[in-house]
Amino acid sequence: MIDRFTTDRKATLTVDGRTFELPIVEGSEGEKAIDIRMLRGKSGYITLDTGFMNTGSCSSDITFLDGENGVLLYRGYAIEDLAGNCSFIEVAYLLINGHLPTRDQLRDFSELLGLFALIHEDMVHFFDRFPPGASPMSILSSMVSCLCNFYPEMNENPMDNIDMMAARLISKVRTIAAFSYKKSLGAPLVYPRHDLSYCANFLNMMFDSPVRSYEVNSTMVRALNQLLILHGDHEQNCSTATVRMVGSARVNLYASISAGINALWGPLHGGANQAVMEMLEDIHASGGDYKKYIARAKNPDDPFRLVGFGHRVYKTFDPRSRIIKKACDDVLASLGINNDPLLELAKEIEEVVLKDEYFIERNLYPNVDFYSGIIYRAMGIPVDMFTVMFALGRLPGWIAHWKEMWDDPNGRISRPRQVYVGPSQRDFVDIGQR
Ligand code: SDX
């Protein structure tokens, strides 16, 4: 696919007195890249780019980010339009199939999700064996990895079954998440219902109980749809790049997604939404002196980071955090929560940080994780489930990227190079002489 975007312009590299020409690629939104696929063969040199700050691992037509201007497009549609007009399932369909669904396509996809909402009853017993306090993210990645044993359609050509596998995953991950919450409480499982929408079903499975019925709140459902949409995809972030890396070895979809869940777990990535809430709760519990935490974040000798701020790509406001911040006000107002102390604290921190030279010169703005936890908490979702919520939202993006990688005729196993800096070959020393 990338060859369609190769221009006739060249970059020249002169090294060791030799000059090499490298093709220049220009993406559909003007991103420019130097194609170095032939670099080592021509020059004997590789490039070094720890953390891939400057390196593209692939071409993709799923999501576009403009970090300088705070733009996020899913298959060309602005995140603001999607978050304001679609359901999560509509956007999941868009990410996976490349176009917004017609009414019939959306109906058929929703029916598949309903059909696949249960997990195999043998898998339900797995929950009896996780120790109390087991991390919901470890439960999620274990259960998802195990799906390939119960649904072996992966062994045939996955592209023949991708719609079924996508619907199966999106639906079952929601059930697994809710079941793991109920199990953590020692409460009876609430099974999915065929008469509820995707998000309403999740909230019902989380909060309904045989002794106290749960009234699905339309504001919560709307907010949850929006939150999941905002987490839907984000180019080659750490967890998506992991799904593509693992999948490139021709690993099945479920195991590749399980790897992505584990990457998302990290506090520098999806785990930040939980870390933000814990940070806000710590500040609130210790008297609200957030300036002490900001000072720590600025201290080069202190590893503490102000979680919820900064981003590898966005060097201005993360467009998602703006939308979530507005949704915060709506959700809390609908719950009659007029002044949530943590939301007030978050707004105060944001106000101070945005005027602070340290953060300004490093282009550190609130990211998607800064406000999301406040809404999840208002919904009654426990803090240790926040990153699971991120995974629920990111799942369609992971599936879309796995499918794009799997389908790429020029695809190959991902295997980065390195620069070796260890000892040169030396004589072996027998243990008696060491
Ligand atoms: C997500 O990639 C994605 O798209 C991710 C994501 C997605 O949707 O998939 O958007 C989701 O992961 C959002 C990010 C959530 N993480 C956090 O909120 C954790 C806190 N943020 C950081 O750790 C950091 O900003 C990262 C990890 C997000 C980005 O790290 P980078 O791009 O490697 O930047 P860096 O570590 O090189 O920092 C550059 C400078 C450094 O200072 P100097 O060495 O130049 O003096 O900025 C400083 C950093 O110390 N810095 C921070 C900071 N983030 C960066 N200082 C204080 N607090 C912070 N949060």
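The values are calculated or read from the model by the stated rules, or taken from the named source; none is laboratory data. Just so it is clear, the structure is predicted and the values come from calculations on it, not from any experiment. Here the Cβ positions follow ideal geometry from the backbone for every residue, glycine too, while neighbour counts run over all protein chains shown. Only protein heavy atoms, including side chains, enter the accessible area calculation; ligands, DNA and RNA are left aside. Shrake-Rupley method; radii C 1.70, N 1.55, O 1.52, S 1.80 Å.
A compact table of results
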quantity: Anisotropy class of the range 26-151 from Cα gyration tensor, a/c 1.5 cut; calculated: oblate
quantity: Stretchable slack from Phe304 to Val216, in nm (0.36 nm times residue separation minus alpha-carbon distance); calculated: 27.8 nm
quantity: Choice from Pro366, Pro300, Pro423 with maximal GNM fluctuation in the chain (Cα, 10 Å cutoff); calculated: Pro423
quantity: Computed magnitude of the charge dipole of the chain (debye, nearest 20; Cβ of K, R +1, Cβ of D, E -1); calculated: 780 debye
quantity: Karplus (6.51, -1.76, 1.60) ³J(HN,Hα), θ = phi - 60°, over the range 124-133, in Hz, Gly and Pro reported as x; calculated: 4, 5, 4, 4, 5, 9, 6, x, x, x
quantity: Carbon/sulfur fraction of accessible area - the range 113-171, other protein chains in place, 1.4 Å, %; calculated: 55 percent
quantity: Sequence-distant lysines (8 or more away, or on other chains) whose Cα lies within less than 17 Å of Lys32; calculated: Lys10
quantity: Selected from Gly422, Gly266, Gly133 as most flexible by GNM, with the chain as the system and alpha-carbon contacts under 10 Å; calculated: Gly422
quantity: Point-to-point label distance, Arg417-Val383, nm (Cα→Cβ direction, 7 Å offset); calculated: 4.6 nm
quantity: Centre separation in Å (Cα based) which lies between the range 125-182 and the range 1-73; calculated: 37 Å
quantity: Kirkwood hydrodynamic radius of the range 271-378, from inverse mean 1/r over distinct Cα pairs, in Å; calculated: 14.0 Å
quantity: Residue-wise HN-Hα coupling along the range 93-109, computed from phi with Karplus coefficients 6.51, -1.76, 1.60 (Hz; x: Gly, Pro); calculated: 4, 4, 4, 7, 9, x, 8, 5, x, 6, 4, 5, 5, 5, 4, 5, 5
quantity: The range 70-227 shape via C-alpha gyration tensor axes, a/c threshold 1.5; calculated: oblate
quantity: Within the range 74-180: Cβ-based charge dipole about Cα centre, in debye rounded to nearest 20 (Lys, Arg +1; Asp, Glu -1); calculated: 280 debye
quantity: Of Arg174, Arg412, Arg129, the one that fluctuates the most in a GNM where the chain has Cα springs shorter than 10 Å; calculated: Arg129
quantity: Sequence of Leu364, Leu169 when ordered by accessible area, the most exposed leading, probe 1.4 angstrom; calculated: Leu364, Leu169
quantity: Diffusion coefficient, µm² s⁻¹, Stokes-Einstein with Kirkwood Rh over alpha-carbon pairs of the chain at 20 °C and 1.002 mPa s; calculated: 91 µm²/s
quantity: The chain: angle of helix 198-207 to the longest principal axis, Cα-based, in degrees nearest 10; calculated: 60 degrees
quantity: Solvent-accessible heavy-atom area per residue, rounded to whole Å², over the range 77-212 at 1.4 Å; calculated: 45 Å²
quantity: Cβ-derived FRET efficiency at R0 25 Å, Thr6 paired with Phe317, nearest 0.05; calculated: 0.15
quantity: The chain: relative contact order in percent, alpha carbon pairs under 8 Å with at least 6 residues between; calculated: 20 percent
quantity: Dipole of the chain [Lys/Arg +1, Asp/Glu -1 at C-beta], most positive-end residue of Ser321, Phe309, Leu354; calculated: Phe309
quantity: Viscosity 0.692 mPa s, 37 °C: Kirkwood-radius Stokes-Einstein D of the range 1-86 over Cα pairs, µm²/s; calculated: 216 µm²/s
quantity: Given charges at beta-carbon only (K, R positive; D, E negative), |dipole| of the range 311-434 in Debye; calculated: 560 debye
quantity: Contact order relative to length of the range 25-108, as percent, for alpha carbon pairs under 8 angstrom and 6 or more apart; calculated: 14 percent
quantity: For the chain, calculated [θ]222 nm from helices alone, where every DSSP H run of n ≥ 4 adds -39500 (n - 2.57); calculated: -15500 deg cm²/dmol
quantity: Spacing of the two label points (7 Å from each Cα toward its C-beta) at Thr47 and Leu115, in nm; calculated: 4.5 nm
quantity: Dipole of the chain [Lys/Arg +1, Asp/Glu -1 at C-beta], most positive-end residue of Ser334, Phe127, Leu395; calculated: Phe127
quantity: Between helix 162-185 and the chain: long-axis angle, C-alpha atoms, 0 to 90°, nearest 10; calculated: 60 degrees
quantity: Cα-based shape type of the range 231-278, given that a ≥ b ≥ c are square roots of the gyration tensor eigenvalues and the cut on a/c is 1.5; calculated: prolate
quantity: Extreme residue, positive dipole direction of the chain, given options Gly44, Pro101, Ala166 (C-beta unit charges); calculated: Gly44
quantity: Label zone at Arg40, where the point sits 7 Å out along the Cα-to-Cβ direction: the range 395-434 residues whose backbone N lies under 20 Å; calculated: 410-425
